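These notes are about the structure you will find just below.
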Amino acid sequence: MRTTVTLEPEAETLVRNAMASRRLPFRTVVNQAIISALAERQERPQITLTFPIGVRVQSPKILALAAELEDTGLLHKLELGK
């Protein structure tokens, strides 16, 4: 496919540097960059990072704690007349 693409100055610099360092023509560098970037996004699994926050609650107590916090919040709203 032939098309016209307007490159931002930063993108042009990156392409020109890659052309010089790899000794490849413009179209090859641009094609490789597009394929690499788009294929990586499709194949990369999403990873959710987790971090310890220093609070440990035993599993059976979590629901009870959540219910207690919810009850406390509801009581506070009732006291305020909401």
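Bear in mind these aren't lab numbers, they're just calculated from the coordinates by the rules spelled out. This structure is a prediction, so every number in the text was calculated from the model and none was measured. A quick note on method: Cβ atoms are made from the backbone with ideal geometry, for glycine too, and the neighbour counts reach across all protein chains shown.
If each residue of separation counts as 0.36 nm, what is the full-extension length gain between K77 and L7 once their alpha-carbon separation is subtracted?
19.6 nm
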Handout entry: Rounded to 10°, Cα long-axis angle of helix 9-22 versus longest principal axis of the chain
Key = 60 degrees
Practice task
Compute the long axis of helix 26-43 from its Cα atoms, compare it with the longest principal axis of the Cα atoms of the chain, and write down the angle in degrees, 0 to 90, nearest 10.
Solution key: 20 degrees
Exercise for the section: Order the peptides 16-22, 63-69 from the highest to the lowest mean number of other Cβ atoms within 10 Å of their residues. Expected result: 16-22, 63-69
Handout entry: Least to most buried among F26, F51 (fewest other Cβ within 10 Å first)
Key = F51, F26
Completion exercise
Under a Gaussian network model of the chain whose springs join Cα atoms within less than 10 Å, the largest fluctuation of T72, T48, T13 belongs to T72
Fill in the blank from the handout: Taking the chain, the whole-percent share of alpha-carbon pairs separated by over 21 angstrom is 64 percent
